[in-house]
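Here is the structure we will look at, set down as structure tokens.
The values are calculated or read from the model by the stated rules, or taken from the named source; none is laboratory data. For clarity, every value in this text was computed on a predicted model and none was experimentally measured. In this analysis, Cβ positions are derived from the backbone assuming ideal geometry, glycine residues included, and neighbour counts consider all displayed protein chains.
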Amino acid sequence: MGGKVANMRLVASAMKTVAIIVAAGTGSRSGQAGPKQFSIVAGRPMLVWSYRAFARHPNVDEVLVVIGRGQDAYLRDALPDARFVFGGSERHESVAAGLAACADADVVLVHDAARPFIPADTIDRLLAALDRHDGAVPVLPVADTLVHTDGTIVPREPLRRVQTPQAFRHATLLRAHHAWSGNPPTDDAQMVRALGGSVALVQGDQMLDKVTYPADFAAAEARIGYETRSASGFDVHRLEDGEELWLGGVLIPHHQGLSGHSDADVALHAITDAVLGTIAAGDIGTHFPPSDPKWKGAESGQFLSHARELVEARGGRVTFVDITIMCEAPKIGPHRPAMQARIGELLDLPVDRVSVKATTTERLGFTGRGEGIAAQAIATIQLPGQLPGTPA
């Protein structure tokens, strides 16, 4: 008995599973400028989420994307290394193109790119169901009351909402496509059933809800949720004669300025370090080393913009910053509105999300003696929440 079980596991492990993502549509109802599957959802092109979910699942061997003619430039920007084929004008034509391109597959998972978030346990349930069935689809019960247009109530107990991905044995689905002769099918399970195949219904997930209309994009981001992070930054620069004084991106008239390799804007440097800290991306010296002559006299706003771009590349956004400038002179109050405006511009924040404060050290220490200026900052960001199998 033990040998038989071991042999069954060996056969299962030798089976090749390919995920086919159908992404050939135009998404005309989405309100987006381009194909909706390449529109940004939670900081990434929608297609990237499902592609990475499949690519990171231990039981998926390959991911194939089916796109429309003229969409290859979109795909290269979103997923430069993705394998792809061109589909047709109808969904079933695109699936057929995907099946032909992965003829060596034993099992296929067919998925609509408009459903970006795929929990790993849904994939597990689908693949497990193929032990006894020709196919498997994720479904959810219908919660709303349903009526005909004449007002007659439709019993909802036996009804289910069908989602993707859908799992099939490759040979079975290929035969179903070849045998189909009716109107364009709504999904592949319909074709397999028409051939007499057995299709299991497994537990679906609300994370798999489809993005179709403009409002669905906000709903998709709400489903994934956001993680809030905060980090601090601190910087000090010496005051010297003959230097300009830049603070918070504003040139302030003063008899001395701050000395440093760049423009020595101590406030922007502290905020930059705080923003970098929220994504554990090192400090300002990591990205702009003072040993590099390229940054001599550089305007510090570009450092802060770079930090913001790194957060945005992770799908996040800066939501609030607070900076305290420590010095005896000059007076910061008269320049606070200009600083808030400039910092807000660099971080794409309204001024009511930029807090600029100042304090003295009661003439104690190097700031109290007028030898330099220090700044301490805290930045808060939001990052998209993570799903099992989705990109980190």
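Take segment 245-288 and flag every residue that is more than 20 Å from Ser355 (Cβ to Cβ), within 34 Å of the chain's Cα centre (by Cα) and polar (S, T, N, Q). Residues satisfying the conditions are Ser262, Thr286. Which of the following residues is in the same structural domain as Leu173 (by TED's automatic domain parsing), more than 24 Å from Phe217 (Cα to Cα) and small (Gly, Ala, Ser): Ala113, Ala73, Ala101? Step by step, each of Ala113, Ala73, Ala101 is checked, and only Ala101 is in the same structural domain as Leu173 (by TED's automatic domain parsing), more than 24 Å from Phe217 (Cα to Cα) and small (Gly, Ala, Ser). Selection within segment 230-244: residues that are surrounded by fewer than 21 Cβ atoms within 10 Å (Cβ to Cβ) and under 40 Å from the mean Cα position of the chain (by Cα). The member of this set that is nearest to Lys331 (Cα to Cα) is Val236. Checking each residue in segment 39-66 for being in a helix (DSSP H, G or I) and of a type in the set (Ser, Thr, Tyr) picks out Ser50, Tyr51. Within 22 Å of Glu312 (Cβ to Cβ), in the same structural domain as Leu126 (by TED's automatic domain parsing) and crowded, with 16+ Cβ neighbours inside 10 Å: does that describe Arg52? Answer is yes for this residue. Does Glu312 fit the bill of being touching a residue at least 60 places away in the same chain (Cβ under 8 Å), of a type outside the set (Gly, Ala, Ser) and surrounded by fewer than 16 Cβ atoms within 10 Å (Cβ to Cβ)? Considered against the rule, which asks whether it is touching a residue at least 60 places away in the same chain (Cβ under 8 Å), of a type outside the set (Gly, Ala, Ser) and surrounded by fewer than 16 Cβ atoms within 10 Å (Cβ to Cβ), Glu312 comes out as yes.
Residues of segment 194-211 that are of a type outside the set (A, V, I, L, M) and either in contact (Cβ under 8 Å) with a residue 12 or more places away in the chain or buried (at least 16 other Cβ atoms within 10 Å of the Cβ) (or both): Gly197, Ser198, Gln203, Gly204, Asp205, Gln206, Asp209, Lys210.
Total residues in segment 175-212 satisfying the condition of being among the hydrophobic types (A, V, I, L, M, F, W, C) and out of contact with any strand residue (DSSP E or B) (no Cβ under 9 Å at 6 or more places or on another chain): the figure is 6. For segment 331-352, the criterion of being more than 15 Å from Ala379 (Cβ to Cβ), in contact with a helix residue (DSSP H, G or I) (Cβ under 9 Å, 6 or more places away or on another chain) and among the β-branched types (Val, Ile, Thr) is satisfied by at least one residue. Those residues that are modelled with pLDDT of 95 or more and either basic (Lys, Arg) or not in a loop (DSSP other than H, G, I, E, B) (or both), I need them from segment 370-392; list them, please. If the condition is that a residue be modelled with pLDDT of 95 or more and either basic (Lys, Arg) or not in a loop (DSSP other than H, G, I, E, B) (or both), then Gly372, Ile373, Ala374, Ala375, Gln376, Ala377, Ile378, Ala379, Thr380, Ile381 are the ones that fit. The set of residues from segment 69-121 being in contact with a His (Cβ under 9 Å, 6 or more places away or on another chain) and on the phi > 0 side of the Ramachandran plot is empty. Of all the numbered requirements in (1) touching a residue at least 40 places away in the same chain (Cβ under 8 Å); (2) surrounded by 14 or more Cβ atoms within 10 Å (Cβ to Cβ), Pro214 misses one, and that requirement is (2). Hey, can you tell me all the residues within segment 163-192 that are in a helix (DSSP H, G or I) and among the polar types (S, T, N, Q)? Listed by number, the residues that qualify are Thr172, Gln190.
Within segment 67-97, the set of residues being touching a residue at least 60 places away in the same chain (Cβ under 8 Å) and either in a helix (DSSP H, G or I) or charged (D, E, K, R) (or both) comprises Glu90, Arg91, His92, Ser94, Val95, Ala96.
Go through the residues of segment 139-157 one by one and say whether even a single one is in contact (Cβ under 8 Å) with a residue 24 or more places away in the chain and closer than 18 Å to Ala19 by Cα.
Here is the first cut: in segment 139-157, the ones in contact (Cβ under 8 Å) with a residue 24 or more places away in the chain are 139-140.
Remaining after also requiring closer than 18 Å to Ala19 by Cα: none.
The answer is no, given that none of the residues of segment 139-157 is in contact (Cβ under 8 Å) with a residue 24 or more places away in the chain and closer than 18 Å to Ala19 by Cα.
Looking across segment 163-184, the residues that are farther than 20 Å from Arg132 by Cα and surrounded by fewer than 17 Cβ atoms within 10 Å (Cβ to Cβ) come down to His178, Ala179, Ser181, Gly182, Asn183, Pro184. The requirement of being more than 41 Å from the chain's Cα centre (by Cα) and not in a helix (DSSP H, G or I) is fulfilled somewhere in segment 343-361, by at least one residue.
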